[in-house]
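**Q** Let me begin by handing over the structure; questions about it come next.
Read the figures in this text as sums done on the coordinates, not as results from a lab. In this text, all values refer to a predicted model and were calculated from it rather than measured experimentally. Neighbour counts run over all protein chains shown; Cβ positions are idealised from the backbone, glycine included.
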């Protein structure tokens, strides 16, 4: 979707008219350039109450001499939020059909800058589909949608900047969705790594390094190796550095990248196992954040690390009852091979904390079904050892309409995960209760201290099991991978 912000009063293509609930007329000033016949039809519909402009509603007008229009309801003006405006913008894109064509003109008038920007952002985010594997019809039209956005002269510059930023960040969201939606026969650990390597080649300010399977074994990364050794598609770690020439502690994003999760020897039930291709969405988001930062022109150093593996059952696979030695030197009793994401992250977190000089670390993982039980598909779970970091992530999520909900890191959960009779840590809690909390408590054991102190590096864990795909209430995406928290983390890191 191409966005052009201008003050041109001409209507190019279909008119898109955002309206507050119970509007009886077009906003004063928005009539400019609208054909008299179309204006009459719009105002007749509004005055007769045929379109009440409730939030989430839309109506197409066609067949008049004045051209076509799409009326979009914004809901009550006093109840408007950034997220409601995004959802109204997304409704435009979701409502588009052949009749609307590929050229639109959105006319704003008398609206706040932030609300207009959020509306445009919603249009952009919803303009995504994953059709890489579909045959093209002869009459299919892949032409990019062009949106001409008009508003008052004094608001044009701010809206243009906002739209440009939204378009840049959306490239990262789209990338994360593409990676998550890709079929697992094509998106395996080294395929992800090669795509990351190509990303590094394309940008002078990006450095990408890969730790392959043999190197991971020699480094003692028993968590990563143990999870991935059952597949002939071996595991790896991908390290991104944006602006690597900048010195000093830098934000670090760590992603779980299980490109397909059968559960290993502790095999999953068959229903919906196809969805386990999404188990790498933590790494997809990490890569997406890197893309968004580059596209938006971020100038400071940021680190990304993705822990890639395929969890398969085989004669070479890890077994329940095994004890592994992680990169930290801590041993882990493997009680269930389907609790594998925490094992690869154990190595990734320790490596990031000891080798990459992070100012803080945030890991993302489709880690537990228990998080979905707790929060449904409405929010990601958020745990942290640092209140300031937790509050900053929560605020960034609220700003972006991607809720991250604080969850507890009680000492009891840590005690539960460190009471193995034969190892330092166990990879499964003692019972079925609080599973997302005990998983977070496990990860906390692999966050290094800062220098010679007893204080850990600031760290947060986002469990995105309920938000990474299939979230029907997420109006920013039609289906499949959501690209969740690319925007949250970009906003957290850049303040934009």
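**Q** Give me the Kirkwood hydrodynamic radius of segment 1-85 in Å, from all C-alpha pairs, to one decimal place?
**A** It works out to 13.5 Å.
**Q** Calculate the FRET efficiency for residue 275 and residue 9 from the Cβ-Cβ distance with a Förster distance of 35 Å, rounded to the nearest 0.05.
**A** 0.10
**Q** Hey, could you grab the Kirkwood Rh for segment 120-235? Inverse mean 1/r over distinct alpha carbon pairs, Å, one decimal.
**A** 18.2
**Q** Helix-only mean residue ellipticity at 222 nm, the chain, DSSP H runs n ≥ 4 weighted -39,500 (n - 2.57), per residue, nearest 500. What is it?
**A** Calculated mean residue ellipticity at 222 nm is -11000 deg cm²/dmol.
**Q** Taking only the alpha carbons of segment 170-494, what extent do you get along each of the three principal axes, in Å, biggest first?
**A** Dimensions of segment 170-494 along the principal axes of its Cα atoms: 50, 45, 40 Å.
**Q** Please say if segment 181-228 is rounded, prolate or oblate, where rounded means a/c under 1.5 for a ≥ b ≥ c the square roots of the C-alpha gyration tensor eigenvalues, and otherwise the choice is prolate for a/b larger than b/c and oblate otherwise?
**A** It comes out oblate by the Cα gyration axes.
**Q** Using the alpha-carbon centroid of each, what span in Å lies between segment 59-88 and segment 325-366?
**A** Here the answer is 47 Å between Cα centres.
**Q** Same structure again: Just round it to a whole percent: the fraction of Cα-Cα distances in segment 63-188 exceeding 19 Å.
**A** The share of Cα pairs beyond 19 Å in segment 63-188 comes to 56 percent.
**Q** On to the next question. Can you list the residues of segment 113-128 with backbone N under 11 Å from a point 7 Å past the Cα of residue 54, pointing along Cα to Cβ?
**A** none
**Q** Right, next: Ranked highest first by average number of other Cβ atoms within 10 Å, how do 435-441, 14-20, 449-455 line up?
**A** Going by the mean number of other Cβ atoms within 10 Å, highest first, we get 435-441, 14-20, 449-455.
**Q** Quick one: plug the Kirkwood hydrodynamic radius of segment 2-151 (C-alpha pairs) into Stokes-Einstein at 10 °C, 1.306 mPa s, and report D in µm²/s.
**A** For the chosen part, D equals 101 µm²/s.
**Q** With a/c under 1.5 counting as rounded, go ahead and sort segment 369-496 into rounded, prolate or oblate using the C-alpha gyration tensor (a ≥ b ≥ c being the square roots of the eigenvalues; past the cut-off, prolate if a/b is larger than b/c, else oblate).
**A** oblate
**Q** Compute the Cα gyration tensor for segment 233-350, then decide on rounded, prolate or oblate, letting a ≥ b ≥ c be the square roots of its eigenvalues: rounded whenever a/c is under 1.5, prolate when a/b is larger than b/c in the other cases, and oblate in all that remain.
**A** Oblate, since a/c reaches 1.5 and b/c is not below a/b.
**Q** On alpha-carbon atoms, Rg over Rh for segment 98-161 using Kirkwood Rh?
**A** 1.09
**Q** For segment 287-372, what is the largest minus smallest coordinate of the Cα atoms on each principal axis, given in angstrom and ordered from greatest to least?
**A** Reported extents, whole Å, longest axis first: 47, 29, 26.
**Q** Calculate the FRET efficiency for residue 154 and residue 207 from the Cβ-Cβ distance with a Förster distance of 51 Å, rounded to the nearest 0.05.
**A** So the FRET efficiency works out to roughly 0.75.
**Q** Multiply the residue separation of residue 478 and residue 64 by 0.36 nm, subtract the distance between their alpha-carbon atoms, and state the gained length in nm to one decimal.
**A** Working it through step by step, the gained length comes to 146.0 nm.
**Q** Rounding to the nearest 10 and keeping the result within 0 to 90°, find how far the Cα-based axis of helix 36-47 lies from the longest principal axis of the chain.
**A** Helix 36-47 and the main axis of the chain meet at about 70 degrees.
**Q** Place a point 7 Å from Cα of residue 146 in the direction of its Cβ. Which residues in segment 97-118 have their backbone N less than 12 Å from it?
**A** Only 102-105 fall inside the zone, counting backbone N under 12 Å.
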